[in-house]
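Trainee: Quick one: the structure is below, questions incoming.
The values are calculated or read from the model by the stated rules, or taken from the named source; none is laboratory data. Bear in mind that the values here come from a model prediction, so they are computed numbers and not experimental data. Every residue, glycine among them, receives a Cβ derived from its backbone with ideal geometry; neighbour counts consider all protein chains shown. Just the protein is used for accessible areas: all its heavy atoms, side chains included, with ligands, DNA and RNA removed. Shrake-Rupley method; radii C 1.70, N 1.55, O 1.52, S 1.80 Å.
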Amino acid sequence: SVEFADHRPYVSGDDLRHIDWNIYARLDHLFLKLFLEEEDLALHIVIDCSASHDCGNPNKFLFMQKLAMALGYIGLVNLNRVTVTALGGAVVTAAAGGDEGGGGGVATPSVTSSIRDLRGRRRTHDLARYLCSLAPVGTAPFTEGCKRVALSRRGKGVMVVLSDFFVKEGYETGLRLMVGRGYDLFCIQCLSPQEVDPAGPDGLAGDLRLRDIEEGDMAE
């Protein structure tokens, strides 16, 4: 950095290149020049796009999209580096030339898909376009996805994981892979009102046979 911040007394082992020789000539004491360093911090949002998120009234995946957009916008206007990664799910591509009814499609990533290194308010539309293209389908391999996210990140910053954390294999191993390496990890569990209180208004009652929306398993 070239922006001067302060002086401090020299101690054994300091870099001699940072000594202020003008002060030494006047005071006959060694002082080090300190400079202000601005770190390039990143915001990495991970959104779970498995099929279990496409439920509830209001729909909890829509809530997760709104939350990711709000957090991402805060990062963009503060000139942080913003990355969004989807675990599983599908990416709906628009029709070529903006025509409706043709040219579009659905691409299902094997594990993850991302939009990376967005910076500045002008990238708001790119962020919104990517989030709106995500669709919650299938089963997301949570641990494998977290491993790929951990290996792909750079620098330091904040990582936010949005999920219902209804993961059969367990979510602890995946989250453990993403802890550290310069990132502060935050997890936000998103549940629909019907999941928080299944017996509430218009809720479930009686003897039921329930089907897993992702894998089709049945349970009494």
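Trainee: Condition first: touching a residue at least 24 places away in the same chain (Cβ under 8 Å), in a helix (DSSP H, G or I), over 14 Å from the mean Cα position of the chain (by Cα) and under 21 Å from residue 93 (Cβ atoms). Now tell me which residues in region 108-127 satisfy that.
Mentor: Listed by number, the residues that qualify are 123, 124.
Conditions (1) farther than 30 Å from residue 163 by Cα; (2) in a loop (DSSP other than H, G, I, E, B); (3) touching a residue at least 40 places away in the same chain (Cβ under 8 Å); (4) open to solvent by 10 Å² or more (accessible area, probe 1.4 Å), marked per residue:
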site	(1), (2), (3), (4)
12	yes, yes, no, yes
25	yes, no, no, yes
33	yes, no, no, yes
56	no, yes, yes, yes
64	no, no, yes, no
73	no, no, yes, yes
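Trainee: Testing residue 88 on (1) at pLDDT 90 or above; (2) over 19 Å from residue 40 (Cβ atoms), one condition comes back false. Which one is that?
Mentor: (1)
Trainee: Do we have residue 1 as at pLDDT below 90 and open to solvent by less than 20 Å² (accessible area, probe 1.4 Å) here?
Mentor: Details: at pLDDT below 90: yes; open to solvent by less than 20 Å² (accessible area, probe 1.4 Å): no.
It is false that residue 1 is at pLDDT below 90 and open to solvent by less than 20 Å² (accessible area, probe 1.4 Å).
Trainee: Still on this model: Determine whether residue 111 is on the phi < 0 side of the Ramachandran plot, open to solvent by less than 30 Å² (accessible area, probe 1.4 Å) and touching a Gly at 6+ places or on another chain (Cβ under 6 Å).
Mentor: When the stated conditions are applied, residue 111 passes them.
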